[in-house]
Amino acid sequence: MVTSTPPAAQLREILQNRALDYLFQPIFDLSRQQLLGYEALMRGPAGSPLHAPEALLSVARAAGLSLELELTGGAIAVERFAHLGLPGKLFLNASAGAICRVARDLGGPLLHSTVGAGFFPGRLVVELTEHERVSDFDAMTEAAATLRGLGIQLALDDFGDGRSSLRLWAQIQPEIVKVDKYFTHHCHRDSRKVAILRSIHQLASAFGTPLVAEGVEEAAELEILRDLGFAHAQGYFLGRPVADPPRELHPEALAVLTCAKVAVLPVVPALPEPGEPVERLLVHAPTVAPEMTNDTLVRLFVQNPRLHAVAVVDREVPVGLVNRRDFLDKYAQPYHPELYGRRPCTLFMNAQPLRVEAHIPLADLATILTGEDQSYLRDGLIITRGGRYAGLATGESLVRKVTEQRVEAARHANPLTFLPGNIPITEHIRRLLAHGASFAAAYFDLNNFKPYNDLYGYWRGDQMIKLAAATITRHCEPRHDFVGHVGGDDFVVLFQSEDWQSRCQSIVKAFNQAARDLFDAAELARGGMEGEDRRGVRTFFPLTTVAVGVVRVAAGDCRSPEDVASSAAAAKKLAKEQGDGFYQLVEQACCANLEDWPLSQTQLYPEARA
């Protein structure tokens, strides 16, 4: 072909000579570990400027040949598919216009090619791949019903990319929905993608529609999809597009689907509730005018003993705040009543109080707690609506509410190590038990951490905890070993690695050696440190080390995450009494008699310190 020929003319020649090529990419049924079918992917003649599908489609749109390209290409794909003798279904890409045209022609050349190729129309799945939004939903719905009557199935392609809408799914009721590859890509590292995939799967269950996850390129991605319950998948890890594709799963992919281990899901971070505005802290309190005298203000505070402060308001706009304690302390000094009693209260007010609109999220005020100016916590804040006075809030209520939010967030992910907290740990145990997986629950705890923290301070204590987190994580297999931070210096690892015992021993050895570098020379020379025990008695403590208690859990051993947690806590307590810091609870004791290890209703792991 001469390259100087205009692209439109080249395309017409390709269509006239039926010179289109097709590659076929396999789509597999994950639960049955067998082939579902193949997607046909169009290519132009090899070595020509129109070889790439993007080039073909672009020239076709410019030349007004899009419909002819799709219809001719579809017939060629059917013939190639039949010639190769490929099993399963054939997935053909088609625009809304092409689908409506095929429906108006009652199948037309496409159905004729299918029957002529010798395979049943029920093996044909037309994928709606619209590059612009479908505008005529009614026409598309009618076309889908016509194709369905001919035995041809319909699939909605690239769901979630912004063009394939939820309304389209609900209205045309496709037999299959293909999820855009964006959500599959690195889903094992992105909690947001897992949350979206889970939501799409729940939606598909409600609609009764099987899903195909596109773009699977790694074993870890396939594991996530398998555990989320996706019916089908395609991607390079399962098979690349080729002219003569495989009929069976690659052994590496088959190993993932038949593996009994449960995938470790990325943790979804907890976010403050968007409905928690500053208004939740509002206290209705009387106000004073700028001209009110200090003598009158004294009587107001006496009449309202619970009033921590009072706002000075001028024509509904707050102009200052008078702190009760500061004001009364000054007023009680000698001669102050005589000197200042008849003067205006603005003399003792804070003219720059913290003013916050009622709708502002509480999370936005968290920085006040760590700011240099702590007077806001003492005085409280003025809450406004549209700049007008609405009420007051105390610093105490702000601290309490922000602390509650941080504690709740810490249950999802520890703020120091960013490892999963109690809620994700519990959820992962529940998943392991539901899948009947065998695993080892290991509870790690630092020996003599409190005296270290007392001696060197919180910053050095945090370094010790971070060292423990890094050491534990480094010796775990991230795809199958779940590492969680219960709180303080307590960690939980849910091992599915068969060599969990050697991993635990390596963690103990590595941490005990590395922890020495966090001590000063004096304590290293003495082999320990002095500090108070929990009864306040001055005691000599050995250097900080780590202990781990492990309980093996097989299918049916435990009924709930609480059973696992109690047994692991029991093993950890015994490990702290062992000389080598390692203890495995015997299987007969695992989750059998837990009366000695009761769980608090609010704390899953009773040994953990906040």
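Odds and ends about this structure:
- Matching residues, the range 223-258, being in contact with a helix residue (DSSP H, G or I) (Cβ under 9 Å, 6 or more places away or on another chain), closer than 24 Å to VAL194 by Cβ and of a type in the set (A, V, I, L, M): ILE224, LEU225, LEU228, ALA231, ALA233, LEU238, LEU249, ALA253, ALA255, VAL256, LEU257
- Test result for GLN25, buried (at least 19 other Cβ atoms within 10 Å of the Cβ) and among the polar types (S, T, N, Q): yes
- A count restricted to the range 158-186 and to residues that are within 19 Å of ALA145 (Cβ to Cβ) and either acidic (Asp, Glu) or part of a loop (DSSP other than H, G, I, E, B) (or both) stands at 4.
- Of all residues making up the range 230-260, the number that are without any contact (Cβ under 8 Å) to a residue 40 or more places away in the chain and open to solvent by 40 Å² or more (accessible area, probe 1.4 Å): 6
- Residues of the range 175-197 include none that is free of Cβ contacts under 8 Å to residues at least 12 places away in the same chain and not charged (D, E, K, R).
- Residue pairs meeting the criteria (Cβ under 6 Å; at least 6 apart or on separate chains; first touching a residue at least 60 places away in the same chain (Cβ under 8 Å), in the range 296-317; second part of a helix (DSSP H, G or I) and surrounded by 15 or more Cβ atoms within 10 Å (Cβ to Cβ)): HIS308/ARG324; ALA309/ARG324; ALA309/ASP379
- Test: residue in the range 270-286 that is of a type in the set (Asp, Glu), within 30 Å of LYS193 (Cβ to Cβ) and surrounded by 12 or more Cβ atoms within 10 Å (Cβ to Cβ): yes
- Total residues in the range 297-318 satisfying the condition of being open to solvent by 10 Å² or more (accessible area, probe 1.4 Å), within 29 Å of GLY386 (Cβ to Cβ) and in contact with a helix residue (DSSP H, G or I) (Cβ under 8 Å, 6 or more places away or on another chain): the figure is 2.
- Answer residue from the range 255-310, given it is charged (D, E, K, R) and in contact with a His (Cβ under 8 Å, 6 or more places away or on another chain) and is modelled with the highest pLDDT among those: LYS261
- Top-ranked residue of the range 545-600 - restricted to ones that are at pLDDT below 80, of a type in the set (Gly, Ala, Ser) and over 27 Å from TYR452 (Cα atoms), ranked as most open to solvent (accessible area, probe 1.4 Å): GLY556
- Among the numbered conditions (1) buried (at least 18 other Cβ atoms within 10 Å of the Cβ); (2) within 17 Å of the chain's Cα centre (by Cα); (3) among the charged types (D, E, K, R), the only one that GLU214 does not meet is (2).
- Filter result (open to solvent by 20 Å² or more (accessible area, probe 1.4 Å) and aliphatic (A, V, I, L, M)) within the range 422-471: ILE423, LEU433, ALA434, LEU455, LEU467, ALA470
- Options LEU57, LEU90, LEU35; residue that is in contact with a His (Cβ under 9 Å, 6 or more places away or on another chain), under 24 Å from VAL179 (Cβ atoms) and not hydroxyl-bearing (Ser, Thr, Tyr): LEU57
- Residue match in the range 374-385 (condition: surrounded by fewer than 20 Cβ atoms within 10 Å (Cβ to Cβ), modelled with pLDDT of 75 or more and of a type outside the set (S, T, N, Q)): yes
- Residues that are part of a helix (DSSP H, G or I) and at pLDDT 75 or above were ranked within the range 397-416; the one that is farthest from ALA469 (Cα to Cα) is SER397.
- Verdict on GLN505 being surrounded by fewer than 17 Cβ atoms within 10 Å (Cβ to Cβ), more than 27 Å from the chain's Cα centre (by Cα) and touching a residue at least 12 places away in the same chain (Cβ under 8 Å): yes
- Only one entry in ARG388, ARG342 is modelled with pLDDT of 90 or more, touching a strand residue (DSSP E or B) at 6+ places or on another chain (Cβ under 7 Å) and over 22 Å from PRO277 (Cα atoms), namely ARG342.
- Residue among SER135, SER165, SER113 that is surrounded by 14 or more Cβ atoms within 10 Å (Cβ to Cβ) and modelled with pLDDT under 85: SER165
- Any hit, the range 187-202, residues being under 30 Å from PHE482 (Cβ atoms), open to solvent by less than 40 Å² (accessible area, probe 1.4 Å), part of a strand (DSSP E or B) and of a type in the set (A, V, I, L, M, F, W, C): no
- Of all residues in the range 38-53, none satisfies the criterion of being open to solvent by 40 Å² or more (accessible area, probe 1.4 Å), of a type in the set (A, V, I, L, M) and either assigned to a strand (DSSP E or B) or out of contact with any strand residue (DSSP E or B) (no Cβ under 9 Å at 6 or more places or on another chain) (or both).
- Exactly one residue out of LEU71, LEU56, LEU35 is open to solvent by 30 Å² or more (accessible area, probe 1.4 Å), in contact (Cβ under 8 Å) with a residue 40 or more places away in the chain and within 23 Å of ASP157 (Cβ to Cβ): that is LEU35.
- Some residue of the range 526-543 being crowded, with 20+ Cβ neighbours inside 10 Å and among the charged types (D, E, K, R): no
- Within the range 5-30, if we keep just the residues that are polar (S, T, N, Q) and either in a helix (DSSP H, G or I) or in contact with a Phe, Trp or Tyr (Cβ under 9 Å, 6 or more places away or on another chain) (or both), the residue that is modelled with the highest pLDDT turns out to be GLN25.
The values are calculated or read from the model by the stated rules, or taken from the named source; none is laboratory data. A quick note: this is a predicted structure, and the numbers were derived from the prediction, not measured. Positions of Cβ are backbone-derived with ideal geometry, glycine not excepted, and every protein chain shown enters the neighbour counts. For the accessible areas, the whole protein counts, side chains as well, though only heavy atoms, and no ligand, DNA or RNA atoms are used. Shrake-Rupley method; radii C 1.70, N 1.55, O 1.52, S 1.80 Å.
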